[in-house]
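Remarks on the structure that follows.
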Amino acid sequence: MKLTTEQIDQLYTFTRQHYVEWYDLQSELVDHLANAIETQWQENPKLTFEEVLNKEFGKFGVFGFMDVVEEKQKFLGKKYNRLVFSHIATFFTLPKILLTITATWALFLVFKWSRFNGEFILFFYVLLLGFAFYAIIKNRMQRKQQIKENQKCWLFDEIMNQYGSFTGTIIFPLNFFLQIFNHGNRFLSNDYAIGFTSFFLVLMTLLLYVMFVLIPSKSKEYLMQTYPEYSV
């Protein structure tokens, strides 16, 4: 016995009622439940749709679909991290590495010969933070509009727009830059310290560019690679 279109729709509604809001994960669960229900009906065709559904849902345990959601989030989170680092790595290969070296050297010269190097470094860092928060707000507004037009949520799309762990990484060095601002002469007393700080700021700039500009500009491409049905 095969499920009807109405019953398939009921399965989608069932997954949404159990806190699965992403269409891609809903589709996976609906496919799994549909196959399981049809298998159960082959063994015992007298069971009703609701009876078999509740029986199969019970196999997911007391937390329902939450374990499945967490596993999928971890998998796609790792996929996103690899995507970010692969883009960052391109800036350390020819020809982009020349841009990375030039930017680091330019900052090094500015910080080395400026009488207010601590102030300049903190100002540069604050600019990066400002850009990060501006980009987060802008990208999320665009994403809400896209979801409104498409009427579907995709888990990988949400992960690409969370920025959680990376945002923490960006904010974490604030105390370090405040110490440079307050004790610039001591922290920047040699070329090695200035060079490290310059390179670190360039690396942060690249990270922000990849997260908030490069990946969002290619988000549809990555979603189509992850979900063939995205373009349908």
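Details
- FRET efficiency, 1/(1 + (r/R0)^6) with R0 22 Å, evaluated for I136 and Y19 via beta carbons: 0.35
- FRET efficiency for M1 and K74, using Cβ-Cβ distance with R0 set to 41 Å, rounded to 0.05: 0.70
- Whole-Hz couplings from phi, Karplus 6.51/-1.76/1.60, listed for segment 51-62; x for Gly and Pro: 5, 5, 4, 5, 5, 5, 5, x, 5, 7, x, 5
- Relative contact order computed over segment 1-137 (Cα-Cα under 8 Å; 6+ residues apart), in percent: 15 percent
- Computed from the Cβ-Cβ distance with R0 of 41 Å, the FRET efficiency linking E51 to L223 stands at 0.65.
- Distances between placed amide hydrogens fall under 5 Å for Q162 paired with no residue 5 or more residues away or on another chain.
- Computed lengthening from N190 to V126, 0.36 nm per intervening residue step minus Cα-Cα distance: 20.7 nm
- Principal axes of segment 1-106: Cα extent on each, largest first, Å: 76, 27, 21
- For segment 74-144: rounded, prolate or oblate by the Cα gyration tensor [a/c cutoff 1.5]: oblate
- Residues in segment 220-227 carry Karplus couplings, in order, of 4, 4, 5, 5, 5, 5, 7, 10 Hz; the curve used is 6.51 cos²θ - 1.76 cosθ + 1.60 with θ = phi - 60°, and Gly or Pro positions show x.
- Hz values of 3J(HN,Hα) by residue in segment 14-27 - Karplus curve (6.51, -1.76, 1.60), Gly and Pro given as x: 4, 5, 5, 5, 9, 6, 10, 9, 9, 4, 5, 6, 4, 4
- The largest accessible area among Y209, Y125 belongs to the first residue in Y209, Y125, and the rest follow in falling order (1.4 Å probe, all chains).
The values are calculated or read from the model by the stated rules, or taken from the named source; none is laboratory data. Since the structure is predicted, the reported quantities are computational estimates derived from the model, not experimental observations. In this analysis, Cβ positions are derived from the backbone assuming ideal geometry, glycine residues included, and neighbour counts consider all displayed protein chains. Ligands, DNA and RNA are excluded from the accessible area calculation, which covers all protein heavy atoms including side chains. Shrake-Rupley method; radii C 1.70, N 1.55, O 1.52, S 1.80 Å.
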